Amino acid sequence: MTPESTNANNNDRRHEIRFAGSGGQGLQLSAKILAYALIGEGLYASQSQSYEPTSRGGLSRADLVIGPDEPDFPLATAADFILLLDQVAANDGAKIIKPGGTIITDQRLVPSPPSGDFRLLALPITDTAIAIGNPRIANVVALGVLNALAALASREALEAAVGALTPAKFRELNLEALKAGYGMAEAETAESAA
Amino acid sequence: MSKTEANANRHNVQGNHACALAAIAAGCRFYAGYPITPSSEVAERMSLELPKVGGVFIQMEDEIASMGAVLGASMGGLKAMTATSGPGFSLKQEHIGYGILAETPSVVINVMRGGPSTGMPTRPSQGDVMQARWGTHGDHTAIVLAPASVAEVYTETVRAFNLAEQLRSPVIVLFDEIIGHLVETIQLPAPESLQLIERKWADAPKEGYLPYAAGDDMIPPMPRPGDGYRSHTTGLTHDESGFPTQDPAKAEAMLARLINKVERHRDVVDAADMMATEDADILVVAYGTPARAARRAVKEAREQGIKLGLFRPITLWPFPERAFLAAAKSAKRIIVAEMNAGQLLLEIERIAGRERVSPLLRFDGEHIAPDEILDAVGKAA
């Protein structure tokens with residue numbers, strides 16, 4: 001399948017997405033960017049969060065419940081996709097994965113990924129961000145991977161959302177990070193299809 | 001509205017921010033408060049929005065002074081609000097009582113966290129249901145609204161200002177930490193589409209003016225500062241002149257009017273939401289976040305052929321008893337789901353009888369999930 005072929009706009013399904021890692025990785029922003037892109041396409045998003053009272057380090061989690069109208073229950077209970085960017089989030093963060101769902105982990109920062117009844121993709125997200133020029137854009141690389149695989153927002157809407165919600169001086173860098181994420185997801189899709 | 005919240009005329013807004021935006025849209029032009037988790041974003045947003053509309057924001061030295069300032073601003077003619085959480089709500093109670101007795105319109109937001117005392121500041125709770133009803137001393141009415149979504153935080157905050165103005169009373173808006181911090185997609189109503197109510201101002205002859213003389217609606221018009229009315233305001237029991245009295249007939253008349261003015265207006269005060277109640281064998285009663293879990297539980301139960309319904313009070317106090325009795329008519333069992341050790345439960349037991357009612361309670365700082373409601377329904381069926 002091509003990533004754009006099951007845009008959530010075209011059907012009725014609800015999606016639950018979790019972004020989990022450590023404080024300071026920018027995962028709340030990743031969730032906010034995706035939610036912003038989705039509402040521009042006529043969908044509803046409920047975003048909840050959990051984080052510890054430290055500005056760096058400690059578990060940080062953002063959950064999105066996405067659908068065609070206001071969800072009955074706004075908190076995630078069975079995630080279709082979970083993004084894990086830090087080992088600290090790997091245990092508790094993965095608990096709500098739906099059977100057959102997908103967990104995307106960072107190869108470098110999650111050395112012991114969870115295992116179970118789900119598809120696990122361990123990808124060089126942080127390494128790619130470093131190669132582009134800044135480890136701090138790993139959250140946007142990861143967002144690109146996630147959206148390409150989950151086919152939630154259109155690529156144009158996501159690019160526009162990155163532009164709207166990130167500082168102007170980092171815009172080009174963030175768009176490059178998004179592109180790298182898409183590239184990684186497409187390579188992964190091609191590989192699993194082969 | 002901030003640019004990063006709006007896309008194609010739709011908005012992703014946090015519950016606490018929706019509260020602040022609604023207050024501004026309702027005409028609130030004064031905020032005094034002392035920040036406290038998990039309500040601080042209400043104050044933060046008000047401090048950004050009020051200057052844009054010529055309003056006043058004051059961070060006071062504490063919650064007691066905040067409530068005093070809100071009442072003073074309201075007597076000065078402005079729509080005024082404060083926001084807090086459990087420990088701060090306790091401190092405001094003395095002045096909330098003054099606001100009830102002196103009939104001073106005001107809106108108090110309480111974003112509930114775990115208690116007692118400082119408890120669990122970042123965890124959700126519904127432990128202030130009885131504090132909202134009976135937190136201040138003496139016999140009194142309480143008007144308490146309990147939204148269950150970000151969209152409803154907006155509409156109920158607007159309604160809180162309308163009720164405060166119309167009924168000349170403090171109005172409390174009560175929601176849990178999850179609703180306060182949840183970001184949801186909402187369609188903001190156009191400001192001109194909102195129906196806003198302003199308090200009645202006195203226009204009687206100034207000679208012989210009685211500031212607490214009420215007409216048929218039991219609500220005395222307020223003297224607008226600068227209009228030249230001589231008036232007196234006190235927290236002591238008073239007669240129509242506004243001056244203290246201990247005359248038993250006048251004391252009883254004053255308190256009876258304060259209670260009856262709310263009873264007289266139950267048609268605008270009461271609000272409740274019913275879901276699949278007509279033929280329900282089992283009825284869940286829930287408000288705030290547990291009501292969202294119950295909505296999903298009702299749909300899943302119905303798919304399994306279980307006749308489950310939901311009664312969701314939007315006005316918690318006075319409890320919408322008439323609507324509840326209609327919704328509970330066919331129910332053999334009633335489950336009260338709330339994030340406390342059993343507070344609204346007492347009211348439901350009083351109305352429906354203890355033998356029909358089962359509790360589903362959590363007070364561990366965690367929410368009630370749809371599956372927990374379905375489990376409780378399974379046991380009750």
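Side notes on the structure shown:
- Solvent-accessible area of B:I197, all protein chains in place: 60 Å² (probe radius 1.4 Å, heavy atoms, ligands and nucleic acids excluded).
- Taking a ≥ b ≥ c as the square roots of the eigenvalues of the Cα gyration tensor, chain A is classed as rounded, since a/c falls below 1.5.
- Residue-level accessible surface for B:I186, protein heavy atoms, 1.4 Å, Å²: 10
- Averaged over the residues of peptide A:40-48, the number of Cβ atoms from other protein chains lying within 10 Å of each residue's Cβ is 5.
- Accessible area of the stretch A:3-193 belonging to carbon and sulfur atoms, whole % at 1.4 Å probe: 50
- Residue-normalised accessible area of the stretch B:273-380, given per residue in Å² at a 1.4 Å probe: 40
- Given chain B, longest segment not containing exposed loop trypsin sites (Lys or Arg not before Pro) (DSSP; at most 14 other Cβ within 10 Å): B:4-205
- Normalised convex hull volume, the protein assembly as shown, alpha-carbon set, Å³ per residue: 159
- Counting, for every residue in B:8-15, the Cβ atoms of other protein chains within 10 Å of its Cβ and taking the mean gives 4.
- Kirkwood Rh and Cα Rg combined as Rg over Rh, evaluated for the stretch B:211-256: 0.98
- Protein heavy-atom accessible area occluded, A/B pair - total, 1.4 Å probe, Å²: 2100
- Only lysines eight or more places from A:K98 in sequence, or on another chain, were considered; none has a Cα closer than 17 Å.
- Burial annotation for the stretch B:159-208: residues with an accessible-area loss of at least 40 Å² between the isolated chain and the complete set of protein chains, computed on heavy atoms with a 1.4 Å probe, are B:L182, B:V183, B:T185.
- Taking chain A as a Gaussian network of alpha-carbon nodes connected by springs under 10 Å, the highest mean-square fluctuation of the residues A:A20, A:A62, A:A142 belongs to A:A62.
- For the stretch B:119-219: rounded, prolate or oblate by the Cα gyration tensor [a/c cutoff 1.5]: oblate
- Residues in the stretch A:68-117 that, when all protein chains are in place, have 50 Å² or more less accessible area than the chain alone would give (probe 1.4 Å): A:E70, A:D72, A:F73, A:P74, A:L75
- B:F30 contributes an accessible area of around 20 Å² to the protein surface, as traced by a 1.4 Å probe with all chains present.
- Shown is the FRET efficiency for B:S330 and A:D69, computed with R0 = 22 Å from the Cβ-Cβ distance and rounded to the nearest 0.05: 0.20.
- Expected 222 nm ellipticity per residue - DSSP helices of 4 or more, -39500 (n - 2.57), all of chain A, to 500: -11500 deg cm²/dmol
- Classified by the C-alpha gyration tensor, the stretch B:273-380 has a rounded form. Its axis ratio a/c, with a ≥ b ≥ c, is below 1.5.
- Largest accessible area first, the residues A:I17, B:I351 order themselves as B:I351, A:I17 under a 1.4 Å probe with ligands, DNA and RNA left out.
- Accessible surface ranking for B:W134, B:W317, B:W201, 1.4 angstrom probe, highest first: B:W134, B:W201, B:W317.
- Average accessible surface area per residue within chain A, 1.4 Å rolling probe, Å²: 41
- Centroid-to-centroid separation of the stretch B:164-192 and the stretch B:260-308 [C-alpha atoms, Å]: 20
- For chain B, calculated [θ]222 nm from helices alone, where every DSSP H run of n ≥ 4 adds -39500 (n - 2.57): -11500 deg cm²/dmol
- Straight-line reach from B:K206: taking Cα to Cα under 16 Å and skipping same-chain neighbours fewer than 8 places apart, the aspartates and glutamates in range are B:D227, B:E240.
- Highest-MSF residue in chain B out of B:P116, B:P223, B:P290 [GNM, Cα springs under 10 Å]: B:P116
- Accessible surface calculations at 1.4 Å, restricted to protein heavy atoms, place the stretch B:6-191 at 29 Å² per residue.
- In degrees, nearest ten, helix B:248-264 long axis to first principal axis of chain B (Cα): 50
The values are calculated or read from the model by the stated rules, or taken from the named source; none is laboratory data. This one's a predicted model, so the numbers in the text were calculated from it and none came from an experiment. Ideal geometry is used to build each Cβ from the backbone, glycine not excepted, and the neighbour counts take in all protein chains shown. Note: areas computed on protein heavy atoms with side chains; ligands, DNA, RNA excluded. Shrake-Rupley method; radii C 1.70, N 1.55, O 1.52, S 1.80 Å.
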